[in-house]
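Chemist: Mind having a look at this structure? Questions to follow.
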Amino acid sequence: MSGKHSILIRGGRLIDPANNVDRQTDVLITDDVVAQIGEVNEPADVDLVIDATDRLIVPGLIDLHVHFREPGDEEEETIASGSAAALAGGFTSVVCMPNTKPAIDEATRVEYVHRMGRQARKTFIYVMGAVTQGRQGQELAEIGLMAAAGAVGFTDDGMGVQDTAVMLRALKYARMLDALVAQHCQDDTLARGGVMNAGYNATVLGLPGIDPLAEELMLWRDVQLVKKTGTRYHAQHISTAGSVEIIRQAKAQGLPVTCEVTPHHLLLTDNAIAEYDTNFKVNPPLRTNRDIEALKAAIAEGLVDALATDHAPHLKSEKELEFLAAPFGIASLECALGLYVKALVDPGVIGWPELIAMLTVRPARVLRVARGTLGVGDRADITIINPDVEYVIDADRFLSKSRNCPYNGWLAKSRVEKTFVAGELRYEAPER
Amino acid sequence: MARRRTDKFRWRHKHLLGLRDLRRGEIEHILDTAEGFEEISTRSIKKAPALRGKVVVNMFFEDSTRTRNSFTLAANRLSADVIEFTKTASSVSKGETLIDTARNLEAMGIDIVVIRHGAGGAPKLVSRSINACVVNAGDGFNEHPTQALLDVYTIRKVCGGFEGLKVGIVGDIAHSRVARSNIWALSKLGAEVILIGPPTLMPGSVEQLPVRVSYSLDAVLEELDVINMLRIQFERLGGNPFPSVREYSHFFGLTVDRMKRAKPDLVVMHPGPINRGLEIESEVADGPNSVILQQVAHGLAVRMAVLFLVHQAAIEEQREHRQKHRG
């Protein structure tokens, strides 16, 4: 084995939903691939042995929805700082959204983000390109050339494509490439001016509300369009009970529709905004307990394909404004796992295997990338988790540049201890 | 004038509005007739007296130099008098309806109206309103029958026939009257038509047309015997159906590289005017596989044939009418 670098992870609970594995075992990594799974009698020339007793060994986690603000807003986050934060969160792959400045709406910009990701040498960076030029919602962006440059999907995220004819054209065009079109479902004619969920709380706080219909109508519209075009479609950050129903029907009809849910839409309601704390200002907005229950039920049913943070970093100075003026966004990449456990595993909505599936193989299948699995021969993207340790979320220690995290000070359970990317140990949690 | 197998065939249509309602034999008759007129172009006196004393009006409500010139020359070669009519130069700009315009011209004594109009069905409307012959030179995105006729004439000349021939039509099929007329002609003549382009440029319900559809040029290129590149119109009201010239050329442009993978004798066609570097690379447009200039030459013969045939049918109809009313 001269010239090869090998790492042995020993005695952990391997959870690999892609291959239906959930058992105590060892994992041997050689260079950048998984070489062996099963009891490994320690060979003499293993370079590193990791004791994974009482730990979970899972495929590197995948986050389908992050904002790394580069190019354009590097003071909020760069691809380098975001990648580091992702690793700390156990994510070995993330998908960057195109609402940078300028938008990622052509092949050279896709290549730029890929290159910055490679240079950072942390998490693996995937890119979604914009659907329309400049994300203006009018003319199609060069979807074909961006796909050829490696973009894994297309979205105008930050916004939804408002014009139905444009959306239909985009779906038709994307079908030619069998490309994935994702949507931030928000009808701006209904949502414009709103800063939180429309409802009792918005009324008593005196703030303009965003009606759930703004999300649900665009989602319903898109599903009808997908019925016609057959294009692969991914509903980003769904947040309402109504949206869950639309997804349920779409899947029952066999349509190629997938969806994701964020941690904040599982843990927070608009009650949290009582003090006008802008760390709770997010789009789609925090909803109600009824919506949370519907989302959890959908997750238990297997209707939700992925959990995604929609990591949206902002500077403290940007968020320290009146609620109407502050930017939307919650940053949670580094503490996401603990949040998912709190929302789903602890209350018994799902178990660890289903949780890991929604963070590995299922998002990988949405993107159609060779990730999210831990079989022999697979790329050694591996996350080691301590599922039982309790800790306090401390945003000041985040590797991200941002601090707009409403979970600061929360007690959480489950931490990422080590993250391997292509067989390289790129993150180790500091001793606490 | 050389004739093929159709001596007993009588052309009975005094209008040529489109190819969708013609039978295979009728299309072939036009091609055979055109063959005879092609010969005239090689004589030193390039005229035939078939339409002497007759008046042909070019009623063009849309810009077109090449089709108009082609019809003018065709009419001249048949010794007809030609009146040119453009939309702005007439009383249409003062709000006169299409039918009134046609009737006013007819009152001056015209025999054939060649009409190009932005609205599909306009030639049909005119044909119902006047007695003269009507030839469709392109109506909206419905049909452009003489273009398709010269296209299939060219294919017949170069390939010898249509059975088993695979003809690809590439580009903005949804808005192309040239594509539509070609689909009708080629499918009736026995060729296999493959429409190629992005889904946003395909007509609705395309699967109900007698065609195959491919969203990838590369996927079907090697099976094609003939490829007809349509001109791409990039500036379009109401949103472009594809992102950019660059992306279109990348996926659907007929490049020198693609020609290397195609059949060595692939026949390259284009109705013109070509956008060099957009739908077709210069070297290909000017190369040995290209029959683009021959298409133009054939257009003249085909239009002479059409003018001749519709006029013959009108004379026949008048004669039958007189006979019927003689008692």
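Chemist: Within the range B:187-195, identify whether any single residue is within 13 Å of another protein chain (Cβ to nearest Cβ), surrounded by fewer than 19 Cβ atoms within 10 Å (Cβ to Cβ) and in contact with a Phe, Trp or Tyr (Cβ under 9 Å, 6 or more places away or on another chain), and answer yes or no.
Modeler: No.
Chemist: Applying the selection to the range A:116-134, what residues are without any contact (Cβ under 8 Å) to a residue 12 or more places away in the chain and not in a helix (DSSP H, G or I)? Even if it seems obvious, please write down each step before you answer.
Modeler: First pass over the range A:116-134, keeping only residues without any contact (Cβ under 8 Å) to a residue 12 or more places away in the chain: A:118.
Within the range A:116-134, none qualify.
Chemist: Something else about it: Would you be able to say whether some residue in the range B:76-85 is within 20 Å of the chain's Cα centre (by Cα), exposed (fewer than 15 other Cβ atoms within 10 Å of the Cβ) and closer than 13 Å to B:Asn58 by Cβ?
Modeler: Scanning the range B:76-85 turns up at least one residue that is within 20 Å of the chain's Cα centre (by Cα), exposed (fewer than 15 other Cβ atoms within 10 Å of the Cβ) and closer than 13 Å to B:Asn58 by Cβ.
Chemist: When you go through A:Ala250, A:Ala308 one by one, which is the residue that is closer than 27 Å to A:Ile79 by Cα and either under 22 Å from the mean Cα position of the chain (by Cα) or away from every other protein chain (no Cβ under 14 Å) (or both)?
Modeler: Values: A:Ala250 fails: closer than 27 Å to A:Ile79 by Cα.
On inspection, the qualifying residue turns out to be A:Ala308.
Chemist: Go through the range B:214-242 and give me each residue that's within 12 Å of chain A (Cβ to nearest Cβ), crowded, with 17+ Cβ neighbours inside 10 Å, in contact (Cβ under 8 Å) with a residue 12 or more places away in the chain and over 10 Å from B:Val170 (Cβ atoms).
Modeler: B:Tyr215, B:Pro241, B:Phe242
Chemist: Could you tell me whether A:Ala174 is over 19 Å from A:Leu219 (Cβ atoms) and more than 8 Å from chain B (Cβ to nearest Cβ)? Give the derivation first.
Modeler: Working: over 19 Å from A:Leu219 (Cβ atoms): no; more than 8 Å from chain B (Cβ to nearest Cβ): yes.
So A:Ala174 fails the test.
Chemist: Just one of B:Ser127, B:Ser79 is of a type outside the set (Phe, Trp, Tyr) and either more than 25 Å from B:Leu293 (Cα to Cα) or part of a helix (DSSP H, G or I) (or both); which is it? Before the answer, list the steps.
Modeler: Numbers: B:Ser79 fails: either more than 25 Å from B:Leu293 (Cα to Cα) or part of a helix (DSSP H, G or I) (or both).
The unique qualifying residue is B:Ser127.
Chemist: Moving on. Check A:Leu219, A:Leu180, A:Leu213 and return the single one that is modelled with pLDDT of 95 or more, away from chain B (no Cβ under 14 Å) and under 30 Å from A:Glu322 (Cβ atoms). Break it down stepwise before answering.
Modeler: Details: A:Leu219 fails: under 30 Å from A:Glu322 (Cβ atoms); A:Leu180 fails: under 30 Å from A:Glu322 (Cβ atoms).
Of the residues listed, the single one that is modelled with pLDDT of 95 or more, away from chain B (no Cβ under 14 Å) and under 30 Å from A:Glu322 (Cβ atoms) is A:Leu213.
Chemist: Filter the range B:149-170 down to residues that are out of contact with any helix residue (DSSP H, G or I) (no Cβ under 7 Å at 6 or more places or on another chain) and not basic (Lys, Arg), then give me how many there are.
Modeler: Residues in the range B:149-170 being out of contact with any helix residue (DSSP H, G or I) (no Cβ under 7 Å at 6 or more places or on another chain) and not basic (Lys, Arg): 7 in total.
Chemist: Right, next: Limited to the range B:125-154, what total is found for residues that are touching a strand residue (DSSP E or B) at 6+ places or on another chain (Cβ under 6 Å) and of a type in the set (A, V, I, L, M)?
Modeler: 5
Chemist: Yes or no: the range B:45-64 includes at least one residue that is free of Cβ contacts under 8 Å to residues at least 60 places away in the same chain, over 26 Å from B:Glu106 (Cα atoms) and either surrounded by 13 or more Cβ atoms within 10 Å (Cβ to Cβ) or out of contact with any Pro (no Cβ under 6 Å at 6 or more places or on another chain) (or both).
Modeler: Yes - at least one qualifying residue is present in the range B:45-64.
Residue-wise test of (1) under 21 Å from the mean Cα position of the chain (by Cα); (2) buried (at least 22 other Cβ atoms within 10 Å of the Cβ); (3) polar (S, T, N, Q).
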position	(1), (2), (3)
B:Ser249	no, no, yes
B:Thr255	no, no, yes
B:Pro264	no, no, no
B:Gly277	no, no, no
B:Gly287	no, no, no
B:Leu300	yes, yes, no
B:Ala313	yes, no, no
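Chemist: Of all residues in the range A:379-408, how many are in contact (Cβ under 8 Å) with a residue 60 or more places away in the chain, out of contact with any helix residue (DSSP H, G or I) (no Cβ under 7 Å at 6 or more places or on another chain) and in a loop (DSSP other than H, G, I, E, B)?
Modeler: Selection size over the range A:379-408: 3.
Chemist: Give me a count of the residues in the range A:135-159 that are within 14 Å of chain B (Cβ to nearest Cβ), surrounded by 21 or more Cβ atoms within 10 Å (Cβ to Cβ) and not in a helix (DSSP H, G or I).
Modeler: 6
Chemist: Contact list please: Cβ distance under 8 Å, first residue in the range B:1-24 and more than 22 Å from B:Lys124 (Cα to Cα), second residue surrounded by fewer than 20 Cβ atoms within 10 Å (Cβ to Cβ) and modelled with pLDDT under 90, pairs at least six apart or on different chains.
Modeler: B:Met1/B:Glu39; B:Ala2/B:Glu39
Chemist: Of the residues A:Thr132, A:Thr108, A:Thr164, which is within 14 Å of chain B (Cβ to nearest Cβ), modelled with pLDDT of 95 or more, under 30 Å from A:Ser81 (Cα atoms) and surrounded by fewer than 22 Cβ atoms within 10 Å (Cβ to Cβ)? So that I can check it myself, show each step before the final result.
Modeler: On the way: A:Thr132 fails: surrounded by fewer than 22 Cβ atoms within 10 Å (Cβ to Cβ); A:Thr164 fails: under 30 Å from A:Ser81 (Cα atoms).
One residue alone meets the criteria, A:Thr108.
Chemist: Can you go through A:Leu411, A:Leu359 and tell me which one is within 13 Å of A:Leu337 (Cα to Cα) and free of Cβ contacts under 8 Å to residues at least 40 places away in the same chain?
Modeler: Residue meeting the stated conditions: A:Leu411.
Chemist: Can you run down the residue pairs with Cβ atoms below 7 Å, 6 or more apart or on separate chains, where the first is in the range A:416-428 and over 13 Å from A:Ser83 (Cβ atoms) and the partner is polar (S, T, N, Q) and in a strand (DSSP E or B)?
Modeler: A:Val416/A:Thr383; A:Glu417/A:Asn386
Chemist: Something else now. In the range A:233-243, is there at least one residue being assigned to a strand (DSSP E or B) and hydroxyl-bearing (Ser, Thr, Tyr)? It would help to see each step written out before you state the result.
Modeler: We begin by selecting, within the range A:233-243, every residue assigned to a strand (DSSP E or B); these are A:233-235.
Narrowing further to those that are hydroxyl-bearing (Ser, Thr, Tyr): A:233.
So far as the range A:233-243 goes, yes, one or more of its residues are assigned to a strand (DSSP E or B) and hydroxyl-bearing (Ser, Thr, Tyr).
Chemist: Test of understanding: among B:Val256, B:Val245, which residue is within 14 Å of chain A (Cβ to nearest Cβ) and either aliphatic (A, V, I, L, M) or under 23 Å from B:Lys157 (Cβ atoms) (or both)?
Modeler: Working: B:Val256 fails: within 14 Å of chain A (Cβ to nearest Cβ).
Just one listed residue meets the conditions, B:Val245.
Chemist: Kindly state which helices (runs of 4 or more DSSP H) lie completely within the range A:275-349 and contain at least 1 residues that are more than 27 Å from A:Glu216 (Cβ to Cβ) and either in contact (Cβ under 8 Å) with a residue 40 or more places away in the chain or not hydrophobic (A, V, I, L, M, F, W, C) (or both).
Modeler: Details: elements: A:289-301, A:316-319, A:336-340.
Of the helices (runs of 4 or more DSSP H) lying wholly inside the range A:275-349, those with at least 1 residues that are more than 27 Å from A:Glu216 (Cβ to Cβ) and either in contact (Cβ under 8 Å) with a residue 40 or more places away in the chain or not hydrophobic (A, V, I, L, M, F, W, C) (or both) span A:316-319, A:336-340.
The values are calculated or read from the model by the stated rules, or taken from the named source; none is laboratory data. Predicted model, so just to flag it, every value in this text is computed and none were measured. Neighbour counts run over all protein chains shown; Cβ positions are idealised from the backbone, glycine included.
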